[in-house]
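Trainee: I'd like to ask you about the structure that follows.
What follows is calculated from the coordinates using simple rules that are stated; it is not laboratory data. Computed from a predicted model, the values in this text were never measured in an experiment. A quick note on method: Cβ atoms are made from the backbone with ideal geometry, for glycine too, and the neighbour counts reach across all protein chains shown.
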Amino acid sequence: MPQGRPRILVPGKMSQRVLDRLPETFEPVFVAAADPALVTPDLAAGISGIAVGGKLPADFIDAFPNLEIIANFGVGYDGVDAAHAAKRGVTVTNTPDVLTEEVADTAIGLLLNTVRQLPAAEQWLRQGHWAKEGAFALSPLTLRGRTVGLYGLGRIGLAIARRLGSFNVSIAYHTRTPREGLAYTHYPTLKGMAEAVDTIIVIVPGTESTRRTINAEILQALGPQGVLINVGRGTTVDEAALADALQRGVIAAAGLDVFENEPYVPDALLTLPNASLLPHVASASQATRNAMADLVVDNLIAWFETGAALTPVAETPFKRKGA
Ligand code: DGY
């Protein structure tokens, strides 16, 4: 560790475990939001790291001339302008691996909730309808006989596919290039996969190239028995097109853990009985969020102590100057 405790800025909300651990090694500094207007020249000069859980735009990164590292809380780092950080020579880290199995578990839970209407069935019981009116209606959909297409097959996609392997469903995937050594059917286009399957699970990162790629055309191709599950990023789905497709029976049902403008969910989706909606909880167990928090702090420690971050993102494979 270099002389003096590095000053780490935390803009906006952050996991309590990160806040508890930072002072053991660093001097934490807080601002209410990642807004350059809140940064005084004194504050700017002293900051060498940022720990962030939300958006971190280019103009905020540029406010810190001595910034070396941005530690993002989450595997998805679409909120951080990593391309801009790379141009500035600033390392960005994320929290892969520690949440893979948790997110995959949630994806399967959301799939079952959506297909078998389990949240609505529980409400039926809790609201007393079972005793007064009888059994909950049979679910029109089933997982039996389905072909599930994964849109994205990174670490989490593979963990979802492994789970689906024991559900006796057919498994396909769409990625730009096929992954070697896998028995799942590969589709080079999203449209081709949507035509071939009846269930899509979205688990791609939220980038410009995935933005609103689940659109009216893809939903049409998925068809009237179609089920769409999204545990990636809300930006990947055209939410207006999805609400329209659910209303008109273009597809049968959707299960969403992520939304374009969180925490706000379009009214058009909130009122649909064939949409199963979760408030971005895929990784949200105490144990997994603790592991993510530890990786945020451990990346910062590794950077300042050894000169190399533990989990830098692909855009910033840098070493610390002089390390
Ligand atoms: C992530 O890590 O990107 C998840 O979306 C957080 O739950």
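Trainee: Compute the long axis of helix 155-164 from its Cα atoms, compare it with the longest principal axis of the Cα atoms of the chain, and write down the angle in degrees, 0 to 90, nearest 10.
Mentor: That works out to roughly 30 degrees.
Trainee: Under the definition of Cα pairs under 8 Å and six or more residues apart, what whole-number percent is the relative contact order of the chain?
Mentor: Working: 612 pairs, mean separation 59.1, N = 323.
For the chain, the relative contact order is 18 percent.
Trainee: With +1 on the Cβ of every Lys and Arg and -1 on the Cβ of every Asp and Glu, and nothing else charged, how large is the dipole of the chain about its Cα centre, in debye rounded to the nearest 20? Present the calculation step by step, with values, prior to reporting the outcome.
Mentor: Details: 27 positive and 32 negative charges, 117 e Å.
The dipole of the chain has a size of about 560 debye.
Trainee: Quick one: work out the % antiparallel among DSSP beta bridges in the stretch 207-289, nearest 5.
Mentor: On the way: 1 of 9 bridges.
Within the stretch 207-289, antiparallel bridges account for around 10 percent of the total.
Trainee: Give me the compactness ratio for the stretch 206-248, meaning the Cα radius of gyration over 2.2 N^0.38 Å. Walk me through the numbers before you get to the answer.
Mentor: Working: Rg = 10.0 Å, N = 43, 2.2 N^0.38 = 9.2 Å.
So the stretch 206-248 has a normalised radius of gyration of 1.09.
Trainee: How tilted is helix 16-25 with respect to the longest principal axis of the chain? Cα atoms for both, answer in degrees (0 to 90, nearest 10).
Mentor: For helix 16-25, the angle is close to 20 degrees.
Trainee: Moving on to the next point. Using the 10 angstrom Cβ neighbour count as an exposure proxy, how do Val18, Val29 rank, fewest first?
Mentor: Val29, Val18
Trainee: Test of understanding: ordering Glu27, Glu68 by Cβ neighbours within 10 Å, fewest first, what list do you get?
Mentor: Listed from fewest to most nearby Cβ atoms, that is Glu27, Glu68.
Trainee: Another question, if that's okay. For the pairs Lys13/Lys321; Lys55/Lys321; Lys87/Lys321, note any where the Cα-Cα span goes beyond 24 Å. Please report the intermediate quantities before stating the final value.
Mentor: Details: Lys13/Lys321 30 Å; Lys55/Lys321 26 Å; Lys87/Lys321 15 Å.
Distance filter (> 24 Å) returns Lys13/Lys321; Lys55/Lys321.
Trainee: Once amide H atoms are placed 1.01 Å from N in the peptide plane, what residues at a sequence separation of 5 or more from Ala71, or on another chain, have their amide H within under 5 Å of its amide H?
Mentor: HN-HN under 5 Å from Ala71: Ile50, Ala51, Val52, Thr93.
Trainee: Find the Cα radius of gyration of the stretch 31-90, compare it with 2.2 N^0.38 Å by division, and give the number to two decimals.
Mentor: Working: Rg = 10.6 Å, N = 60, 2.2 N^0.38 = 10.4 Å.
Cα Rg divided by the expected 2.2 N^0.38 Å: 1.02.
Trainee: Sticking with this structure for a sec: So how tilted is helix 239-248 from the main axis of the chain? Cα-based, degrees 0 to 90, rounded to 10.
Mentor: Orientation of helix 239-248: about 10 degrees from the principal axis.
Trainee: Using the Cα centre of the stretch 128-268 as the reference point, and only Cβ charges (+1 on K/R, -1 on D/E), how large is the resulting charge dipole? Debye, rounded to the nearest 20. Walk me through the numbers before you get to the answer.
Mentor: Working: 13 positive and 13 negative charges, 114 e Å.
About 540 debye.
Trainee: Then there is this: Could you compute Rg(Cα) / (2.2 N^0.38 Å) for the stretch 101-146, with N its residue count? Intermediate values should be presented prior to the final figure.
Mentor: Working: Rg = 12.8 Å, N = 46, 2.2 N^0.38 = 9.4 Å.
Output field value: 1.36.
Trainee: With +1 assigned to the C-beta of every Lys and Arg and -1 to the C-beta of every Asp and Glu, and no other charges, what is the dipole magnitude of the stretch 218-310 about the Cα centre in debye, to the nearest 20?
Mentor: Numbers: 3 positive and 10 negative charges, 52 e Å.
About 260 debye.
Trainee: Here is a further query. Quick check on packing: order 170-182, 303-315 by the mean number of other C-beta atoms within 10 Å, highest mean leading. Present the calculation step by step, with values, prior to reporting the outcome.
Mentor: On the way: 170-182: 14.8, 303-315: 17.5.
Taking the mean over residues of other Cβ atoms within 10 Å, the ranking is 303-315, 170-182.
Trainee: Quick query: amide H of Arg7 versus all other amide H atoms, modeled in the peptide plane; which residues come in under 5 Å with a sequence gap of 5 or more or a different chain?
Mentor: Those qualifying (amide H under 5 Å, at least 5 residues apart or on another chain) are Glu27, Ser48, Gly49.
Trainee: Something else about it: How large is the convex hull of the C-alpha atoms of the chain per residue, in Å³?
Mentor: Details: hull volume 48.8 nm³, N = 323.
Cα convex hull per residue, to the nearest whole number: 151 Å³.
Trainee: Which of rounded, prolate or oblate describes the stretch 71-199 when judged by the alpha-carbon gyration tensor and an a/c cut-off of 1.5?
Mentor: On the way: a/c = 2.87, a/b = 1.58, b/c = 1.82.
Oblate, because a/c is 1.5 or more while a/b does not exceed b/c.
Trainee: Taking the dipole about the Cα centre of the stretch 183-323, with the C-beta of Lys and Arg at +1 and of Asp and Glu at -1, give me whichever of Ala245, Val204, Pro224 is farthest to the positive side.
Mentor: Val204
Trainee: Once you compute Rg and the Kirkwood Rh from C-alpha atoms, what is the Rg to Rh ratio for the stretch 146-235? Don't skip to the end; give the middle numbers.
Mentor: Values: Rg = 11.9 Å, Rh = 12.9 Å.
Using Cα coordinates only, the ratio equals 0.92.
Trainee: Now for a separate question. List every residue whose amide H lies under 5 Å from the amide H of Val31, counting only residues 5 or more places away in sequence or on a different chain, with H placed 1.01 Å from N in the peptide plane.
Mentor: Val10, Gly12
Trainee: Another one. What are the ³J(HN,Hα) values, in whole Hz, obtained from phi via the Karplus relation 6.51 cos²θ - 1.76 cosθ + 1.60 with θ = phi - 60°, for each residue of the stretch 209-217 in sequence order, with x given for Gly and Pro?
Mentor: Computed from phi, the couplings for the stretch 209-217 are 6, 9, 4, 6, 6, 8, 10, 4, 5 Hz.
Trainee: Let me ask something else. Place +1 on the Cβ of every Lys and Arg and -1 on the Cβ of every Asp and Glu in the stretch 97-168, take the dipole about the Cα centre, and give the residue among Ala159, Leu141, Leu111 whose Cα lies farthest towards its positive end.
Mentor: Of the listed residues, the answer is Leu141.
Trainee: Only helical DSSP H runs with n ≥ 4 go in: add -39500 (n - 2.57) per run for the chain, normalise by residue count and round the 222 nm mean residue ellipticity to 500 deg cm²/dmol. Don't skip to the answer; put the middle values down first.
Mentor: Numbers: 13 runs with 117 residues, N = 323.
That comes out to -10000 deg cm²/dmol.
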